[in-house]
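**Student:** One structure, pasted below without further comment.
The values are calculated or read from the model by the stated rules, or taken from the named source; none is laboratory data. As the structure is a computational prediction, the values presented were derived from the model and not from experiment. In this analysis, Cβ positions are derived from the backbone assuming ideal geometry, glycine residues included, and neighbour counts consider all displayed protein chains.
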Amino acid sequence: MSDSPEPVQLDVSARLAAEALIVDVEGFEGPLDLLLSLSRTQKVDLREISILALARQYLAFVEKARELRIELAADYLVMAAWLAFLKSRLLLPPDPEEEGPSGEDLAAHLAFQLERLEAMRRSAARLMARDQLGRDRFARGITEDVARVRRVEYTATLIDLMQAYARIRTRDEFRPYAYDRTNLLSMEEALDRLRPLIGFAGEWTDLMSYLPDSWSADPARRRSAAASTFAASLELVKEGAIQIRQGETFAPIQIRRKS
Amino acid sequence: MSEETRDEPQEQSLFEAPPMAEQERMVEAILFATAEPVTIRELTGRMPHGSEPREALEHLRRRYEGRGVQVTRIGEAWAIRTAPDLGFLMRQEVVETRKLSRAAIETLAIIAYHQPVTRAEIEEIRGVGVSRGTIDQLIEMDWIRFGRRRMTPGRPVTFVVTETFLDHFALETARDLPGLSELRAAGLLDSRPPPGEGEEDAEGEEATDEGQEDLFEE
Amino acid sequence: MSEETRDEPQEQSLFEAPPMAEQERMVEAILFATAEPVTIRELTGRMPHGSEPREALEHLRRRYEGRGVQVTRIGEAWAIRTAPDLGFLMRQEVVETRKLSRAAIETLAIIAYHQPVTRAEIEEIRGVGVSRGTIDQLIEMDWIRFGRRRMTPGRPVTFVVTETFLDHFALETARDLPGLSELRAAGLLDSRPPPGEGEEDAEGEEATDEGQEDLFEE
């Protein structure tokens, strides 16, 4: 990972490299990156760096760029102004009247920022140099999916049980009204009747042909039987035992065994 | 890092094949990471020159014997597969708990309070038919089972509750089920007894506990 | 009384976990079956009741030491990966990943070493704005994610690295990042405010460091 732009030729002189530095502002990721790059020319530990010399270099760089009429982003100019201020603070003896941080504090912080950025660059390089998944280490090639099986478990509490019983016993005191009707075919009855018959229904057959014989003459009984047989057939469709169809509205409803 | 380690075995391979233990490691890594079963020819192509993948494979196969995964031959190729007896781990059962339907819980309650009881009797008490599915479900849950046949015409089968049922509801016997008056005291019975009947019921409770048949006759 | 004492061991035996050797096989099969790291919680969920996946994993890890594949810890999850020295055999399996820009790599490193870290802090360290695209790319690769919001004015969102990141760079936890302790000792992971404007931030700094530890613990 190199910070300076790739030189076209490796054997160009340091002078040319320095010029490239000046011309190619785009190669830097902001003023801090440029400062870090400039500080490297001092070839000292970043903690020992001369901020004064660094500020001079940066200001010279900005000046040069201006002469060459290179557009400089605002943050480069803000940094230049700040460094000029820092330089004056570092050069002039401290004014005891003056509020705010000393030139040394500001310089120390700038040195810290540069050192931290440098450390992060090194860490990034070390990170990328690790054994990477999909390049040096590999995951399982043949994977197996975990099949999720749904199982329904029914449950009830003692309270449910007692409440259910209480409900029935309470109901006992008034006899169910509907049950007395003799002209009523319950769905359970229709289902009990239909279930053994559908085994023979390989072809589409009219649902009405399944009504019990004694139930088809009297209109009231026929209505009840038709309704409950239809409800029972829907139940069987739901169970997947039969198929059901109707050509159009009011057309006969037909059922057949599901093969 | 990896640059040297990567080149080294290749350079070595110019002279001699890596030791068998090393070849076994290689076969292991290749079988593990490749998305399809690997043929011997493919192994030969990928391993350093002079390697003996067939032998390495045999060592590896033996090493995995009895383990959770096995080196398996699939046609002309080899792969690592889950041991057959552990297939159940690749299935995750999601248990969904649902409340029993009203019909089922009522049927169950009647059987518990009136056992042994026939289907016709259950229907008479409930006032509605009992579907076959409801009975089947309760039998499948092992909460009810068939009792003795009733010695009446048609010899109808009876139903009784099971040990599993008693376990689930933390009852020692079905007789421990609270009687009607207790249900009423607990506020589970909504209907108020006709005036004066309350006393009588307190006594009747004794009888209830004694014989469930009595309760049914009531 | 005697009933109870008889029941207890029975119940225990119903849930008795399989022997450790068998648990080890199970963990082996589960880890082999998937490319994704499997969490301890998931192992517990899939293995028979009472199993100790943590212990089984430790046995398994030792068993695979020096083998062609390795049992690797990734945060709270575990996976089997090929040994890094055998990467050269897997040329066919190499996935060409999109080349990351220098900005993206640096941003990633800053998030890893300083997490949880806000966008403003990343920008302060790099001395330049972080483009939206860079963050988006890292999130899309599932290498970073949003962390908790910082409890400072504006409640800025923070970024942290993911398990996928740890897995990719063969790190057990974010604490194993190379050179982390040296950087911390050198004070290079402090968020030192610029002189003159630091007072109100001094507390926030404390919180930041704590947060980082917190995250590692997770």
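**Student:** Just to be sure, is A:Ser37 part of a helix (DSSP H, G or I), under 24 Å from C:Ser101 (Cβ atoms) and modelled with pLDDT of 75 or more? Can you show your working first?
**Tutor:** Details: part of a helix (DSSP H, G or I): yes; under 24 Å from C:Ser101 (Cβ atoms): yes; modelled with pLDDT of 75 or more: yes.
Judged against the criteria, A:Ser37 is a match.
**Student:** A further question on this structure: Residues B:Arg145, B:Arg98: which one is modelled with pLDDT of 90 or more, under 30 Å from A:Gln163 (Cβ atoms) and either within 12 Å of chain C (Cβ to nearest Cβ) or part of a strand (DSSP E or B) (or both)?
**Tutor:** Values: B:Arg98 fails: modelled with pLDDT of 90 or more.
Answer to the check: B:Arg145.
**Student:** Can I ask one more? For the range C:45-66, name all the residues that are more than 12 Å from chain B (Cβ to nearest Cβ) and without any contact (Cβ under 8 Å) to a residue 24 or more places away in the chain.
**Tutor:** Correct list: C:Arg54, C:Glu58, C:Arg61, C:Arg62.
**Student:** Take the residues in the range A:66-89 that are closer than 23 Å to A:Arg40 by Cα and buried (at least 17 other Cβ atoms within 10 Å of the Cβ); name whichever of them is nearest to the other protein chains (Cβ to nearest Cβ).
**Tutor:** Here the residue is A:Met79.
**Student:** Residues that are outside any helix (DSSP H, G or I) and either free of Cβ contacts under 8 Å to residues at least 12 places away in the same chain or touching a Lys or Arg at 6+ places or on another chain (Cβ under 9 Å) (or both): does the range A:190-201 have at least one? Steps first, please.
**Tutor:** Let us first name the residues in the range A:190-201 that are outside any helix (DSSP H, G or I), namely A:201.
Those left that are additionally either free of Cβ contacts under 8 Å to residues at least 12 places away in the same chain or touching a Lys or Arg at 6+ places or on another chain (Cβ under 9 Å) (or both): A:201.
Within the range A:190-201, one or more residues are outside any helix (DSSP H, G or I) and either free of Cβ contacts under 8 Å to residues at least 12 places away in the same chain or touching a Lys or Arg at 6+ places or on another chain (Cβ under 9 Å) (or both).
**Student:** Let me ask another. Looking at (1) within 14 Å of chain C (Cβ to nearest Cβ); (2) surrounded by fewer than 18 Cβ atoms within 10 Å (Cβ to Cβ); (3) assigned to a strand (DSSP E or B), find the lone condition where B:Val160 falls short.
**Tutor:** The one condition B:Val160 does not meet is (1).
**Student:** Something else about it: Is it the case that some residue within the range A:137-160 is at pLDDT 80 or above, assigned to a helix (DSSP H, G or I), buried (at least 17 other Cβ atoms within 10 Å of the Cβ) and within 11 Å of chain C (Cβ to nearest Cβ)?
**Tutor:** No, there is no match, as no residue in the range A:137-160 is at pLDDT 80 or above, assigned to a helix (DSSP H, G or I), buried (at least 17 other Cβ atoms within 10 Å of the Cβ) and within 11 Å of chain C (Cβ to nearest Cβ).
**Student:** Also, quick follow-up: In the set A:Glu63, A:Glu29, which member is surrounded by fewer than 20 Cβ atoms within 10 Å (Cβ to Cβ) and within 47 Å of the chain's Cα centre (by Cα)? Reasoning before the result, please.
**Tutor:** Details: A:Glu63 fails: within 47 Å of the chain's Cα centre (by Cα).
Exactly one residue qualifies, and that residue is A:Glu29.
Matching residues to (1) in contact with a strand residue (DSSP E or B) (Cβ under 6 Å, 6 or more places away or on another chain); (2) in the same structural domain as C:Arg41 (by TED's automatic domain parsing); (3) charged (D, E, K, R):
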position: C:Glu58; (1), (2), (3): no, yes, yes
position: C:Ala83; (1), (2), (3): yes, yes, no
position: C:Arg119; (1), (2), (3): no, no, yes
position: C:Gly133; (1), (2), (3): no, no, no
position: C:Gly147; (1), (2), (3): yes, no, no
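**Student:** Going through the range C:67-90 one residue at a time, which ones are more than 8 Å from chain B (Cβ to nearest Cβ) and of a type outside the set (A, V, I, L, M)? Spell out the reasoning first.
**Tutor:** Looking only at the range C:67-90, we keep the residues that are more than 8 Å from chain B (Cβ to nearest Cβ), and these are C:70-79, C:81.
Of everything in the range C:67-90, those that are more than 8 Å from chain B (Cβ to nearest Cβ) and of a type outside the set (A, V, I, L, M) turn out to be C:Gln70, C:Thr72, C:Arg73, C:Gly75, C:Glu76, C:Trp78, C:Arg81.
**Student:** Going by the structure shown, is B:Pro48 surrounded by 17 or more Cβ atoms within 10 Å (Cβ to Cβ) and at negative phi?
**Tutor:** Here the answer is yes, as B:Pro48 does meet what is asked.
**Student:** For the range A:31-51, what are the residues that are within 14 Å of another protein chain (Cβ to nearest Cβ) and in contact with a Ser or Thr (Cβ under 7 Å, 6 or more places away or on another chain)?
**Tutor:** A:Ser37, A:Leu46
**Student:** Inside the range A:203-222, can you point out the residues that are crowded, with 18+ Cβ neighbours inside 10 Å and part of a helix (DSSP H, G or I)?
**Tutor:** Once the filter is applied, which keeps residues that are crowded, with 18+ Cβ neighbours inside 10 Å and part of a helix (DSSP H, G or I), the range A:203-222 yields A:Leu207, A:Tyr210, A:Trp215, A:Arg221.
**Student:** Restricting attention to the range B:43-79, which residues are farther than 15 Å from C:Leu89 by Cβ, under 39 Å from the mean Cα position of the chain (by Cα) and outside any strand (DSSP E or B)?
**Tutor:** B:Glu58, B:His59, B:Arg61, B:Arg62, B:Arg63, B:Tyr64, B:Glu65, B:Gly66, B:Arg67, B:Gly68, B:Gly75, B:Glu76 - these are the residues of the range B:43-79 that are farther than 15 Å from C:Leu89 by Cβ, under 39 Å from the mean Cα position of the chain (by Cα) and outside any strand (DSSP E or B).
**Student:** Would you mention how many residues in the range C:122-142 are within 11 Å of another protein chain (Cβ to nearest Cβ) and assigned to a loop (DSSP other than H, G, I, E, B)?
**Tutor:** 5
**Student:** Kindly list, by first and then second residue, each pair from a residue in the range A:49-72 that is in contact (Cβ under 8 Å) with a residue 24 or more places away in the chain to a residue that is part of a helix (DSSP H, G or I) and among the basic types (Lys, Arg), limited to pairs with Cβ atoms under 7 Å and residues at least 6 apart or on different chains.
**Tutor:** Note: pairs meeting the criteria are A:Leu52/A:Lys87; A:Ala55/A:Lys87.
**Student:** Considering only the range B:62-69, I want to know if a residue exists there that is on the phi > 0 side of the Ramachandran plot, of a type in the set (Gly, Ala, Ser) and either at pLDDT 90 or above or not assigned by TED's automatic domain parsing to the domain that holds B:Glu140 (or both). I'd like the intermediate steps shown before the answer.
**Tutor:** Taking the range B:62-69 first, the residues on the phi > 0 side of the Ramachandran plot are B:66.
Filter once more, keeping what is of a type in the set (Gly, Ala, Ser): B:66.
Adding the requirement that they be either at pLDDT 90 or above or not assigned by TED's automatic domain parsing to the domain that holds B:Glu140 (or both) leaves B:66.
Yes: the range B:62-69 contains one or more residues that are on the phi > 0 side of the Ramachandran plot, of a type in the set (Gly, Ala, Ser) and either at pLDDT 90 or above or not assigned by TED's automatic domain parsing to the domain that holds B:Glu140 (or both).
Residue-wise test of (1) farther than 14 Å from A:Leu207 by Cβ; (2) in a helix (DSSP H, G or I); (3) touching a strand residue (DSSP E or B) at 6+ places or on another chain (Cβ under 6 Å).
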{"position": "A:Ser224", "(1), (2), (3)": "yes, yes, no"}
{"position": "A:Ser233", "(1), (2), (3)": "no, yes, yes"}
{"position": "A:Val237", "(1), (2), (3)": "no, yes, yes"}
{"position": "A:Gln243", "(1), (2), (3)": "no, no, yes"}
{"position": "A:Arg256", "(1), (2), (3)": "no, no, yes"}
{"position": "A:Ser259", "(1), (2), (3)": "yes, no, no"}
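**Student:** Can you find even one residue in the range A:95-112 that is within 14 Å of chain C (Cβ to nearest Cβ), of a type in the set (Ser, Thr, Tyr), closer than 23 Å to A:Leu52 by Cα and surrounded by fewer than 19 Cβ atoms within 10 Å (Cβ to Cβ)? Let's see the steps before the verdict.
**Tutor:** Restricting attention to the range A:95-112, the residues satisfying the condition of being within 14 Å of chain C (Cβ to nearest Cβ) are A:98-112.
Right, trim to of a type in the set (Ser, Thr, Tyr) and you get A:102.
Remaining after also requiring closer than 23 Å to A:Leu52 by Cα: A:102.
Then drop every residue that is not surrounded by fewer than 19 Cβ atoms within 10 Å (Cβ to Cβ), which leaves A:102.
Checked the range A:95-112: at least one residue is within 14 Å of chain C (Cβ to nearest Cβ), of a type in the set (Ser, Thr, Tyr), closer than 23 Å to A:Leu52 by Cα and surrounded by fewer than 19 Cβ atoms within 10 Å (Cβ to Cβ).
**Student:** If you don't mind, another one. Suppose the filter is in contact with a His (Cβ under 7 Å, 6 or more places away or on another chain), over 22 Å from C:Glu36 (Cα atoms) and charged (D, E, K, R); does C:Glu121 pass it? Quick ask: steps written out before the conclusion?
**Tutor:** Working: in contact with a His (Cβ under 7 Å, 6 or more places away or on another chain): yes; over 22 Å from C:Glu36 (Cα atoms): yes; charged (D, E, K, R): yes.
Criteria met by C:Glu121.
**Student:** A follow-up question, please. Sort through B:Ile144, B:Ile105 and tell me the only one that's under 20 Å from the mean Cα position of the chain (by Cα), crowded, with 18+ Cβ neighbours inside 10 Å and not charged (D, E, K, R).
**Tutor:** Just one listed residue meets the conditions, B:Ile144.
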